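The values are calculated or read from the model by the stated rules, or taken from the named source; none is laboratory data. It should be emphasised that the depicted structure is a prediction, and the values quoted were computed from it without experimental measurement. Ideal geometry is used to build each Cβ from the backbone, glycine not excepted, and the neighbour counts take in all protein chains shown. Protein only, heavy atoms only, side chains kept; ligands, DNA and RNA dropped before computing areas. Shrake-Rupley method; radii C 1.70, N 1.55, O 1.52, S 1.80 Å.
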Amino acid sequence: MRALTKTTLADTAVEAIRSEITARRWLVGEKLPNEASLSSMLSVSRGTIREAVRVLVSQGYLETRQGSGTYVRSNKDVSLPLDMARRAGLRDQFEARLALEVEAARLAALRHSSDVVSQLRALLVARGNYTGGDKAAFVERDLAFHRAVVAASQNRAMIEIYEFFSFSIAETIEATLGEDIPEPDMQAHIAIVDAIESGSPEAADRAVRHFMAPIVATLDRLLMS
């Protein structure tokens, strides 16, 4: 095994050990090296190894036997079902987000002021495009824009609901920064502001649905594959 240098050491240790199991370096029923040996192999702390083992036990790859050690329980790759479950969950999150943002944009089109439109455009400038680097900072900038769209609805209940689900919405934004799910480009964001500025709730409705459509379609395709 190669020594680990990534910051997410526990996740990387999980992947390293899982890869060895699925490659059948250790066979089903075979005992893994002890914590100290695995720690040395991967150049991580024993605490990191314990966390990785705990995750792999929960995923069904390993089992621990009191006073005996850790053994391989299965070498079948369960990552596909786990990914499928996550994608199904993401689809539900995007579907709920779509419902909120469509209605918020419709109301914003009816109730906006020129100052609100200027604020939305300024938030898009601040958002910029994601080109790698600090994901958390970009997610926060993108979320600030979408919060402002909902705030422009002037519907207090909707604003509070959106805020309640803000962690889930941040997860959907971060999901688009990977390789599987397309990130809506700047033009798709600008189209929402243009539709709100037009004063047409129907145009705002279409703009948000157009914004979300490639994401939902991709998730549907991934769930069917």
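Structure above, values below:
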{"quantity": "Condition broken by residue 147, with the remaining ones in (1) surrounded by fewer than 16 Cβ atoms within 10 Å (Cβ to Cβ); (2) charged (D, E, K, R); (3) touching a helix residue (DSSP H, G or I) at 6+ places or on another chain (Cβ under 8 Å); (4) not in a loop (DSSP other than H, G, I, E, B) satisfied", "calculated": "(1)"}
{"quantity": "Some residue of the stretch 115-131 being outside any helix (DSSP H, G or I) and not hydroxyl-bearing (Ser, Thr, Tyr)", "calculated": "yes"}
{"quantity": "In the stretch 40-59, residue farthest from residue 71 (Cα to Cα) [restricted to those that are open to solvent by 60 Å² or more (accessible area, probe 1.4 Å) and touching a helix residue (DSSP H, G or I) at 6+ places or on another chain (Cβ under 8 Å)]", "calculated": "45"}
{"quantity": "Long-range neighbours under 6 Å by Cβ, at least six apart or interchain, first residue over 16 Å from residue 177 (Cα atoms) within the stretch 208-223, second in a helix (DSSP H, G or I) and of a type in the set (Asp, Glu)", "calculated": "208/101"}
{"quantity": "Tally, over the stretch 181-201, of residues that are without any contact (Cβ under 8 Å) to a residue 60 or more places away in the chain and more than 18 Å from residue 146 (Cβ to Cβ)", "calculated": "0"}
{"quantity": "Tabulated pairs, the stretch 7-29, first at positive phi and touching a residue at least 24 places away in the same chain (Cβ under 8 Å), second buried (at least 17 other Cβ atoms within 10 Å of the Cβ) and aliphatic (A, V, I, L, M), C-beta under 9 angstrom, 6+ apart or interchain", "calculated": "29/72"}
{"quantity": "Those residues of the stretch 175-187 which are surrounded by fewer than 17 Cβ atoms within 10 Å (Cβ to Cβ) and not in a loop (DSSP other than H, G, I, E, B), in sequence order", "calculated": "186, 187"}
{"quantity": "Which numbered condition residue 191 fails, given (1) open to solvent by 40 Å² or more (accessible area, probe 1.4 Å); (2) under 27 Å from residue 111 (Cβ atoms)", "calculated": "(1)"}
{"quantity": "Given (1) surrounded by fewer than 17 Cβ atoms within 10 Å (Cβ to Cβ); (2) in contact with an Asp or Glu (Cβ under 6 Å, 6 or more places away or on another chain), number of the condition residue 221 does not satisfy", "calculated": "(2)"}
{"quantity": "Candidate set: the stretch 158-192, residues that are under 17 Å from residue 91 (Cβ atoms) and among the polar types (S, T, N, Q); chosen: the one farthest from the chain's Cα centre (by Cα)", "calculated": "168"}
{"quantity": "Flag for residue 125 being in contact with a helix residue (DSSP H, G or I) (Cβ under 6 Å, 6 or more places away or on another chain) and modelled with pLDDT of 95 or more", "calculated": "no"}
{"quantity": "Residues of the stretch 194-211 classified as part of a helix (DSSP H, G or I), of a type outside the set (S, T, N, Q), open to solvent by 20 Å² or more (accessible area, probe 1.4 Å) and over 11 Å from residue 102 (Cα atoms), total", "calculated": "2"}
{"quantity": "Members of the stretch 22-56 found to be of a type in the set (A, V, I, L, M, F, W, C) and in contact with a strand residue (DSSP E or B) (Cβ under 6 Å, 6 or more places away or on another chain), listed by number", "calculated": "26, 28, 32, 53, 56"}
{"quantity": "Which numbered condition residue 142 fails, given (1) in a loop (DSSP other than H, G, I, E, B); (2) free of Cβ contacts under 8 Å to residues at least 60 places away in the same chain; (3) open to solvent by less than 50 Å² (accessible area, probe 1.4 Å)", "calculated": "(1)"}
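Per-residue answers, yes or no, for (1) under 15 Å from residue 112 (Cβ atoms); (2) modelled with pLDDT of 95 or more:
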| position | (1), (2) |
| --- | --- |
| 144 | no, yes |
| 172 | no, no |
| 187 | no, yes |
| 199 | yes, yes |
| 208 | yes, yes |
